[in-house]
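First up is the structure itself, then whatever we jot down about it.
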Amino acid sequence: MSHARRAVAPQLPADHGPLLLIGAGGIGAPAVLALAAAGLRRLRVVDDDEVDLTNLHRQILFADTDVGRPKLDAFVDALALRAPDLTVDPRPGRFTPDTVDDLLQGIGVVLDATDNFASRFLIADACYLAGVPVVHAAAIRWRATVLATAARGAPCYRCLFEDLPEGPAPDCATAGVMGPVCGVSGAIAADRALALLRGDPTAAGHVTTYDGLTDRLRRVPIAARATCALCGPDRTIRSIDLSRYIADECAAQIGDHHG
Ligand SMILES: [Zn+2]
């Protein structure tokens, strides 16, 4: 069985760098299923949450019997059945300034499937400084947004979003998200991550949005910003400083920040 699966979808070399998934939730689940089917062999995943009943409509690797379990445990168990060729390195906890170096060690590409701006900016900065490409994937209400950045050079995440938003942002617990929109976000993110792992230079440098109400899928190039604090010629972000990443938990998603 496993040999037949690999032969049908040889989209990655067997010695590819591991993918680090940050967030084992509604985007991470469909993304990893697509990646495993396409030949992903090595996955590191970090999460510190538990499965909640309200997660099940979009976090498609979890069953009713997983409610109350650590997401990481349920995620690993489900993948053992669905993707037996995939080697999973589970890391309980969070992606923080203290864990950045350990979590990024040896990683080929990062898939940011978190749900708040503080995490997204920390991931963007840490990965840029470490020279690791990132796919940022978000979903809120009917909108999916995916942004991929290359290992080094412009444009980066801060070229588009600059800095954490000020003031209140939509709360994803109350704003909600449609399950299929998470699936779209995860599928696009998987496609970008595969391309980055293959070294395809066209995979990065644009943002893709999907609107589930109008069925519009758009891909827009990101312009490099000369004054960017992370990748510009006069960049000021040269190390990870915790004070840069203080923001409301579960703030808006990258698409809403953009407007
Ligand atoms: Zn930049």
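The values are calculated or read from the model by the stated rules, or taken from the named source; none is laboratory data. It should be emphasised that the depicted structure is a prediction, and the values quoted were computed from it without experimental measurement. Cβ coordinates were reconstructed from backbone atoms using ideal geometry, including for glycine residues, and neighbour counts include every protein chain displayed. In case anyone asks, the SASA skips ligands and DNA or RNA and just uses the protein heavy atoms, side chains included. Shrake-Rupley method; radii C 1.70, N 1.55, O 1.52, S 1.80 Å.
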Carbon plus sulfur fraction of accessible area for the chain, probe 1.4 Å, in percent: 53 percent
Value of relative contact order over segment 2-258, rounded to a whole percent, pairs C-alpha under 8 Å and six or more apart: 22 percent
Candidates ASP77, ASP125, ASP102: whichever shows maximal mean-square fluctuation once the chain is modelled as a Gaussian network with Cα springs under 10 Å: ASP102
Gyration tensor verdict on the chain (Cα atoms; rounded if a/c is under 1.5, prolate if a/b is larger than b/c, oblate otherwise): rounded
Cα gyration tensor shape for segment 161-243, rounded if a/c is under 1.5, else prolate or oblate: oblate
Derived scalar couplings ³J(HN,Hα) [segment 153-164; Karplus, 6.51 cos²θ - 1.76 cosθ + 1.60; whole Hz; x for Gly, Pro]: x, 8, x, 10, 4, 6, 4, 8, 9, 6, 8, 4
Built amide H within the under 5 Å cut-off of ASP48, gap 5+: GLY93
Table column - 3J(HN,Hα) (Hz), segment 60-69, Karplus curve with 6.51, -1.76, 1.60, x for Gly and Pro: 6, 8, 9, 10, 3, 6, 8, 4, x, 7
Potential extension, VAL220-THR87 segment - 0.36 nm per residue separation minus Cα distance: 44.4 nm
DSSP H segments from the chain that extend 24 Å or more along their own axis, Cα-based, with Kyte-Doolittle mean of 0.5 or above: 179-197
Average accessible surface area per residue within the chain, 1.4 Å rolling probe, Å²: 46 Å²
Calculated from backbone phi, Karplus (6.51, -1.76, 1.60) coupling profile of segment 231-238 in Hz, x at Gly/Pro: 10, x, x, 10, 4, 10, 8, 10
Solvent-accessible ranking of ASP48, ASP89, largest area first, probe 1.4 Å: ASP48, ASP89
Nitroxide proxy distance, nm - points 7 Å out along Cα→Cβ at ASP49 and VAL67: 1.7 nm
